[in-house]
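Everything below concerns the one structure shown next.
Read the figures in this text as sums done on the coordinates, not as results from a lab. All values reported here derive from a predicted model rather than from experimental measurement. FYI the Cβ positions are ideal-geometry reconstructions off the backbone, even for glycines, and counts take in every protein chain you see.
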Amino acid sequence: LLDRAAKAGWPAEAVDWEKSLLAAQDGGFAGLEPKLRQAVEAAPDHPDADLIREVLAPGYITAFDLNRAYHLLTDWVVRRPADPRVRLWLFDLGRRMGLPQLALEHGRAVAELTPDDPAARRAAGDILIENHQPTDAKSHFDWLLARDPADRAARLGQARCLRELG
């Protein structure tokens, strides 16, 4: 499709960027990361910068470059505090880095931003119960089970809450 777009007269630079982003997502992240990072650093407010960040964030996390992922995501959440994807990535990063406060903050935020999203509710419930906040966690697991009573992970989460509540 990108080759067709180029033949149809789309701007060559836009087609090249799209090809770079696809290649980075398709196994070429390490080779393209410097180019992508430099583009975001040079023009952090450019409309395409978020598209590049969407490739960089999971690329860094997958490559276990958690320090770069942390800096990218913490800067990004300041720019877009209501973006649930950024909050979900920060939640995941907080768990991977052993930073429970970071995970708690963003797990709660993503559930508030997208209260009807099961993944957000599961994230919030999981991090709350891991940090011994069973009352808050239980409401998320109850919500999940009301929608899908066969959800095993939600049943386990609810059981953990009930156990901790006595």
For segment 1-55 and segment 97-113, compute the distance between their C-alpha centroids and round to whole Å. 29 Å
What distance in nm separates the two pseudo spin-label positions at Glu54 and Gln38, each 7 Å out from Cα along the beta-carbon direction? 2.4 nm
Under a Cβ-only charge scheme (Lys and Arg +1, Asp and Glu -1), can you give me the dipole magnitude of segment 1-92 about the Cα centre, in debye to the nearest 20? 100 debye
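Compute the semi-axes of the equivalent ellipsoid of segment 1-145, taking the square root of 5 times each eigenvalue of the Cα gyration tensor, and list them largest first in whole Å.
34, 16, 13
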Once a ≥ b ≥ c are taken as the square roots of the eigenvalues of the Cα gyration tensor of segment 83-137, is the result rounded (a/c under 1.5), prolate (a/b larger than b/c) or oblate (a/b not larger than b/c)? oblate
Which order do peptides 16-22, 1-7 fall in by mean Cβ count within 10 Å, highest first? 16-22, 1-7
Computed over the Cα atoms of segment 99-163, the Rg and Dmax in Å are 10.6, 31
Computed [θ] at 222 nm, deg cm²/dmol, the chain (DSSP H ≥ 4; -39,500 (n - 2.57); rounded to nearest 500): -24500 deg cm²/dmol
Putting +1 on Lys and Arg Cβ atoms and -1 on Asp and Glu Cβ atoms, find which of Leu72, Gly94, Ala123 reaches farthest to the positive end of the dipole of segment 22-142. Gly94
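Sorted by average packing, counted as other Cβ atoms within 10 angstrom per residue and highest first, what order do 104-112, 73-81 take?
On the way: 104-112: 22.3, 73-81: 15.3.
So the peptides 104-112, 73-81, ranked by packing, come out 104-112, 73-81.
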What ³J(HN,Hα) values, in whole Hz, does the Karplus curve 6.51 cos²θ - 1.76 cosθ + 1.60 give for segment 18-35 when θ = phi - 60°, with x put for Gly and Pro? 4, 5, 5, 5, 5, 5, 5, 6, 9, x, x, 4, 4, x, 9, 4, x, 5
